[in-house]
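The values are calculated or read from the model by the stated rules, or taken from the named source; none is laboratory data. All values reported here derive from a predicted model rather than from experimental measurement. Don't worry about glycine lacking a Cβ; one is built from the backbone with ideal geometry, like all the others, and counts go over all protein chains shown. These accessible areas exclude ligands, DNA and RNA; they are computed on the full protein's heavy atoms, side chains included. Shrake-Rupley method; radii C 1.70, N 1.55, O 1.52, S 1.80 Å.
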Amino acid sequence: GFVAEGGTPSVAWHLDAYRRYAGDVAIPGFAETARRRAAEFAEALEHGETPPAEIHGHLPNTNLTADGAAAGLSFFGDHTFLGFAFSSHNSLYGLPAVAHAHHDSDSPTHPHEDVRIDLRQRRFDLQASVTSLAGLIREARLKLGLARYRHTELEDDTVATVFHNRGHDARLELLHHPLRGWTGAFGGHTTQSDFSALGDEAFLPPSRTRTHALFLIEETESTPVAWQLGARLERHAIALRDGSARSVHDTTFNASTGAVWTLDDTWSLSASLAQGERAPNTQERFADGFHAGTGVHEIGDPRLRPERSLAFDLTLRKRTGFVTGSATAFVHRFDGFIHLDADPSSPDAYRFFQHDARFHGAELEAIFHLLHADDHQLDFTVAADLVRATNTTTHTPLPRITPARLKTGLTWRRGPLVLGGDAQFVDRPHRLAPDETPTPGHVLANAYVTYRFAFERTIVDVFLRASNFTNTEARLHTSFLKDVAPLPARNFTFGLRLTF
């Protein structure tokens, strides 16, 4: 790939392009968990069949090719700005053979077809702004995006299903002059998406989704407490285009308030309270079929109502000294939380359910500045997060919640040279939803080195990264494919980045 930029005080341009190829993903051991392999072996023996072949060392059908490019051109005036950008992305990749089983396969675990995705995306963006306006408004900003997306599901190189999506996104933001110490902006936002799917595995009906919203953002920087306010009123509509004339409309309102209290030059305390609403999307309402991305049959619920939440966050931050960082605690309560879970009435399907829920947890990040001199520095970083999520309707844990994580890292910089390494410790989940399979904890270790060569008008960055260099088997508990597709094995990345 390459990146090129340039321009004058009144004109700027940007070009970039890339091409990527990757073979099948290497894995440290077996694709499927020991529990799943044992169950398949026992089932085969019970029916007098030959046990399925066990996939080891790599994930078949996961190779990919990708390419893309982008170009941008911007014009600057004394009080005006106008910019254009066009980008394209193409990709051909496969889904793990053990992950896309569905009901009409001869084998529920290892279907015959190799499912591959042929993806194309094109996007055009425009941004413009005008400053030094008369009256209340000091600046007007406009953003417009037009996008076309298509992906084709191929089974043994034969077209099975074709998905199309065309849409636009427009936002007008008006920034006003200070009013009694308050500064901010108000405006409107509108989007439209036209979706269609043709083929045997079209699990969503054709539809048109529209949203229209009005918003307001305000803040004041009074000492020692700065306040922030925000509100958004949105109208959301989904119209099916399958001949049924079905449609749904929702109106949602979101509001938030926050405060940042500057205790001194080092410490600050911030708090926020937000009331939110989210309208269910097309997939949550109208899905009915096998979804290759999750590897399960999904069933939506047209009766879903908007999801409502009340969230409180509290953060303590330290900006200077030997140790810097932040600590956050949060509590989020949901009225009608929407989530995908196994359908008790059908063991082969997953359904979108709506229940009351509570999320609470904490996040911590600390940087120990072990050595800071003019020509070199050494930092040690610690980050941790913990979340607990409960279905308060059934008083059971919610599925696919991230386990507790701890990450440590050491970075040394001296001039153009950077050396570093990090390790992420992921605990096993201690709270499982009904019928949810456990995931072992794991430790992933990485290391990297970069060196920068600076010339008169050109910068060359050379980098080498070793990921999972201990070759540990690791599975993401949040993934639907965790029992059939672990994270990649030990791998190395070498590259050059040229800027001129």
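Points worth noting:
- Listing of strands (runs of 3 or more DSSP E) fully contained in the range 350-465 that carry 3 or more residues being among the hydroxyl-bearing types (Ser, Thr, Tyr) and more than 22 Å from the chain's Cα centre (by Cα): 442-454
- Looking across Glu153, Glu173, Glu139, one residue alone is over 30 Å from Leu216 (Cβ atoms), of a type outside the set (Val, Ile, Thr) and in contact with a strand residue (DSSP E or B) (Cβ under 9 Å, 6 or more places away or on another chain). It is Glu153.
- Hey, Val449 out of contact with any Pro (no Cβ under 9 Å at 6 or more places or on another chain) and either within 30 Å of Leu15 (Cβ to Cβ) or not β-branched (Val, Ile, Thr) (or both) or not: yes
- Residues (under 23 Å from Ala433 (Cα atoms) and either of a type outside the set (A, V, I, L, M) or free of Cβ contacts under 8 Å to residues at least 40 places away in the same chain (or both)) located in the range 474-500: Arg475, Leu476, His477, Thr478, Ser479, Phe480, Lys482, Asp483, Pro486
- A single member of Ser222, Ser207 is polar (S, T, N, Q) and closer than 30 Å to Pro302 by Cα, and it is Ser207.
- Selection status of Thr33, closer than 30 Å to Thr470 by Cβ and hydroxyl-bearing (Ser, Thr, Tyr): yes
- Looking only at residues of the range 419-433 that are buried (at least 16 other Cβ atoms within 10 Å of the Cβ) and touching a Phe, Trp or Tyr at 6+ places or on another chain (Cβ under 8 Å), we find that the one that is farthest from Ala4 (Cα to Cα) is Gly421.
- Summed over the range 51-88, residues that are more than 27 Å from the chain's Cα centre (by Cα), among the aliphatic types (A, V, I, L, M) and closer than 26 Å to Gly1 by Cα total 1.
- The number of residues in the range 178-213 being over 25 Å from the mean Cα position of the chain (by Cα), among the aliphatic types (A, V, I, L, M) and open to solvent by 30 Å² or more (accessible area, probe 1.4 Å) comes to 2.
- Matching residues, the range 231-264, being touching a residue at least 24 places away in the same chain (Cβ under 8 Å), β-branched (Val, Ile, Thr) and within 18 Å of Pro280 (Cβ to Cβ): Ile238, Val248, Thr252
- The range 434-480, subset charged (D, E, K, R) and farther than 25 Å from Gly415 by Cα, residue least open to solvent (accessible area, probe 1.4 Å): Arg475
- Screening the range 128-155 for residues that are among the hydroxyl-bearing types (Ser, Thr, Tyr), on the phi < 0 side of the Ramachandran plot and open to solvent by 30 Å² or more (accessible area, probe 1.4 Å) and picking the one that is nearest to the chain's Cα centre (by Cα) gives Tyr149.
- All positions within the range 283-310 that are of a type in the set (Lys, Arg) and either under 18 Å from Pro344 (Cα atoms) or more than 22 Å from the chain's Cα centre (by Cα) (or both): Arg303, Arg305
- Checked against (1) more than 22 Å from the chain's Cα centre (by Cα); (2) at pLDDT below 95; (3) open to solvent by less than 30 Å² (accessible area, probe 1.4 Å), Ala245 meets all criteria but (3).
- Test for Thr158: is it surrounded by 17 or more Cβ atoms within 10 Å (Cβ to Cβ) and modelled with pLDDT under 95: no
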